[in-house]
Amino acid sequence: MKNRTVPYGYRYENGIIVLHPQESKIVKRICKAYLDGQSLLTIATWLNEEQIEYMPEVIGWNKARLKRIIEDERYLGKEPYPVILDEETHTAMQKIKEQRNTQKNIDRKTDIFQIAVPVKCPICGGRMLRRHDSRYKVQQRWLCENDECKTLIKIADSDLIKAINSILAGITPERIQAIGTSESEPSVAVRRVNNEIARLFDTTEMDKESLRKKLLEGISKRYEDIVNTPYATRKIQAELVGDNSTEGVQRINKTISEIILYTDLTVGIILLNGQFIRKEQTHGTATDG
């Protein structure tokens, strides 16, 4: 796709940058909607619904494109661009943008940002993304990135880390010695792929290429179980109860492969060798899978 050679709202005419009649009106409409309190996502939605082109034969409005319009000082008449917006409008939009910036005071050196283990959705198994919004009492929330799921779970960073460490603290040497997978007890990763394969077989129009890839992934995961389990078990023993055992975030990163965050705010973990452990909220007991 070709990129724009001038900002949205302008065009070249006889080698000179002039106002684009339709686009310059859309710029003003976007800015008015933003000043009226509409979010960038809302604005992008109605622009796409009205089939307003960002470029010839290109719709595709999104928050990033709108953000550039909101911030662009060239609309104020910076040489060689004609004026589309006045200074008062532009200044007011920057104040609103600053007020809506809920990420500006985040300290990215805190423990939650040091965890390298993926957090997974309890509904679809998709990856969950951390979001922060200082306007709410519980400012941290996790959103499933799967567009067909979008599960949202609100939990404070401190509570999430506390729940994970509580599970790890309850793993005794005896339990670690029992950790392992076998042909009769496939790991969580293998079971997940098997479930995905089963769903593909249940579809009315089966995608053979997708099925082939999933079958190969299942074989790969099972092979990883066979090869990696003894090593992973020894590593977990060393990190959790050995003489050189680690603590805090370092311990999480060195012993866990996945974190599952549930809607009741409990947590499950999958250790490096595939064992699933979850501490139930009601009885405070941990279960192995």
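Since every read-out is calculated from the coordinates, none of them should be taken as a lab result. Treat the numbers as computed from the prediction; the structure is a model and nothing was measured. Glycine also receives a Cβ, built like all others from the backbone with ideal geometry; neighbour counts cover every protein chain displayed.
Stretched out straight at 0.36 nm per residue, the stretch from residue 219 to residue 95 would grow longer than its current Cα-Cα span by 39.2 nm.
Converting phi to 3J(HN,Hα) with the Karplus coefficients 6.51, -1.76 and 1.60 and the offset θ = phi - 60°, segment 196-201 yields 5, 5, 4, 5, 5, 5 Hz in sequence order, with x at every glycine or proline.
The Cα atoms of segment 107-163 cover 31, 26, 19 Å along the three principal axes, with the biggest extent listed first.
Placing a label point 7 Å from the Cα of residue 148 along the Cα-to-Cβ direction, the residues of segment 197-220 with a backbone N closer than 14 Å are 197-207, 210-211.
Working out 0.36 nm times the residue gap between residue 36 and residue 172, then minus their Cα-Cα distance, what length gain in nm do you get to one decimal?
Values: separation 136, 0.36 × 136 = 48.96 nm, distance 5.82 nm.
So the chain would gain 43.1 nm between residue 36 and residue 172.
Residue pairs exceeding 30 angstrom between C-alpha atoms, taken from 137/279; 63/109; 67/213; 154/221; 154/235; 150/279: 67/213; 154/221; 154/235. Placing R0 at 25 angstrom, the Cβ-Cβ distance between residue 123 and residue 191 gives a FRET efficiency of 0.95 after rounding to 0.05.
Taking neighbour counts of Cβ atoms within 10 Å as a proxy for exposure, in what order, fewest first, do 276, 201 appear?
Details: 276 17, 201 8.
In order of increasing Cβ crowding within 10 Å: 201, 276.
Using a simple spin-label model with pseudo-atoms 7 Å out from Cα toward Cβ, residue 207 and residue 131 lie 2.6 nm apart. Phi angles of segment 33-44 translate, via the Karplus equation with coefficients 6.51, -1.76, 1.60 and θ = phi - 60°, into HN-Hα couplings of 4, 5, 5, 7, x, 6, 7, 4, 5, 5, 4, 4 Hz per residue; Gly and Pro are given as x. In this structure, residue 116 and residue 46 have a Cβ-Cβ separation that, at R0 = 30 Å, corresponds to a calculated FRET efficiency of about 0.15.
Considered as an equivalent ellipsoid built on the Cα gyration tensor, segment 1-110 has semi-axes of 25, 17, 14 Å, the largest given first.
What FRET efficiency would be calculated for the residue pair residue 265, residue 241, taking the C-beta separation as r and a Förster radius of 30 Å, to the nearest 0.05? Provide the component values of the computation, followed by the final result.
Working: r = 27 Å, r/R0 = 0.91.
Approximately 0.65, to the nearest 0.05.
Here segment 10-100 is treated with +1 on each Lys and Arg Cβ and -1 on each Asp and Glu Cβ, and its dipole about the Cα centre works out to around 240 debye.
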